[in-house]
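The structure under discussion appears below in the form of structure tokens.
Nothing in this text is a laboratory measurement; each read-out follows from the coordinates by a stated rule. Bear in mind that the values here come from a model prediction, so they are computed numbers and not experimental data. All Cβ positions, glycine included, derive from the backbone under ideal geometry; neighbour counts span all protein chains shown.
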Amino acid sequence: MSERWGFTTKAIHGGKMPDTHKSVAPPIYQTATYYYDTAEEGARLGQEIPPGYVYTRWANPTTRALEEKIALLEGGEDALATASGMAAVSCAVLTAVRPGDHAIAPSAIYQATYQLFADMLPGYRVETTLLPDSSLPSYERALRPNTKLVFIETPTNPMLGITDIEKVAALARAHGATTIADNTWASPYNQTPLANGVDVVVHSATKYLGGHHDVTAGVITGTAAFIKRAKKQVRLLGTTIDPFGAWLVIRGLATLALRMERQNASAQRLAEYLAAHPKVSAVHYPGLPSHPGHAVARRQMRGFGGMLSFEVKGGYEASVRAFEALQVGKRATSLGGVSTLVSHPAGISSVHMPKEVRAAAGIVEGLLRVSVGIEDLDDLLADFDHALRRA
Ligand SMILES: Cc1ncc(COP(=O)(O)O)c(C=O)c1O
């Protein structure tokens, strides 16, 4: 039944609610452990697959409700919630590779994911290739006989690069490699990579899924077999989500479609406004027909999302003046919530990338990244107008 519901109905009513008292809002099982009455019951719960409720690091009813909703929204067989987006990325990646394997990811991705591939995986004897761009030929050239993981992030951070999910997933599948897509920036409202042939989807639920800048969380979804293996990583590494965190994401999901529709529309309008602004030299937003990934984004996305970046004429100093003059947009890292957040990638969010990698990815000194919130559009346009006068 719930598989046939529309997105918003699934987001609100999907998944089993862990309640014995018919409360409309899901209860929060804020417990670390559960009691049992007999030794036999304890032994049985511990051996159940999926495990019965014995210990929250293994399983929790509130967390399970979130996992079922995510699987439904992304079209996965099962899902797994984690303590953060990076917990989801790293546990999914560590599930997909073993020592001696090779993994591929673009360079221009979320900086901690970049560091995972550049610095950490080689320490576990996993060879990595970081691509100069996220085009199909780049992925194709990087394949080796031992390639076991192909990582996709689309749109990319902070340049809004678009990868053709279907083509890259088909390439990886033909090679026998697992494909993981980070769907954080699009959200499942705008894009469902599993439907395009990807094996595993990860999210920072800190962003659009939670949507209110008040929770750090992550999710992994895909086949039941992959999730079972990933669950072992999460249990052993201890990257378990707190039940209250899971509840906050459930609460956020109820309004995901409404927020996303507003953010899609406002970002499109802001991108068009900035593209016509005399103090702006370039705007990166897949909803603009001038964007190189526009046609692919049109095909694989339901909406173009709430993220954009733009280059202020006059470089670093001018962009800092505009950045510091914003009054509605908050100078903050993170994204995907109700408040408009603006960051300065050359100054903060991409600062861990080597300078030459940043330059090759097009992250210029005057670039500002905007996560468009749900404020009144007129107030946002006036804020950027005011800020750019200071540039
Ligand atoms: C695309 C993407 N993936 C993963 C993460 C990591 O998420 P978290 O901060 O929840 O660990 C982020 C954070 O900004 C992100 O933008």
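Descriptive notes on the structure:
- A helix-only calculation puts the chain at -11500 deg cm²/dmol for mean residue ellipticity at 222 nm, using -39500 (n - 2.57) for each DSSP H run of at least four residues, averaged over all residues.
- The range 2-253 - share of DSSP beta bridges that are antiparallel (%, nearest 5): 40 percent
- Nearest-ten-degree value, helix 165-175 long axis tilted from longest Cα axis of the chain: 60 degrees
- Ranked by the mean number of other Cβ atoms within 10 Å per residue, highest first, peptides 126-133, 373-380, 15-22, 249-256 order as 249-256, 126-133, 373-380, 15-22.
- Estimated inter-spin distance, Ala225 and Ala276, nm [label 7 Å along Cα→Cβ]: 5.4 nm
- If R0 is taken as 25 Å, the Cβ-Cβ distance between His21 and Arg44 corresponds to a FRET efficiency of 0.45.
- Order by protection proxy (mean Cβ within 10 Å, highest first), peptides 291-300, 362-371: 362-371, 291-300
- The range 233-270 and the range 1-55 have Cα centres lying 20 Å from one another.
- C-alpha center-to-center spacing [the range 184-216, the range 328-391] in angstrom: 20 Å
- Theoretical FRET efficiency, 1/(1+(r/R0)^6), r = Cβ-Cβ of Arg173 and Ala360, R0 41 Å, to 0.05: 0.90
- Taking Cα atoms only, the orientation of helix 85-96 departs from the longest principal axis of the chain by about 60 degrees.
- Helix 256-275 and the long axis of the chain differ in direction by around 20°, with both axes built from C-alpha atoms.
- Rounded, prolate or oblate (a/c below 1.5 giving rounded, otherwise prolate when a/b exceeds b/c) for the range 2-253 by Cα gyration tensor: prolate
- FRET efficiency estimate (nearest 0.05) - Cβ-Cβ, Leu381 to Arg331, R0 22 angstrom: 0.75
- For the chain, the relative contact order comes to 17 percent (Cα pairs under 8 Å, sequence separation of at least 6).
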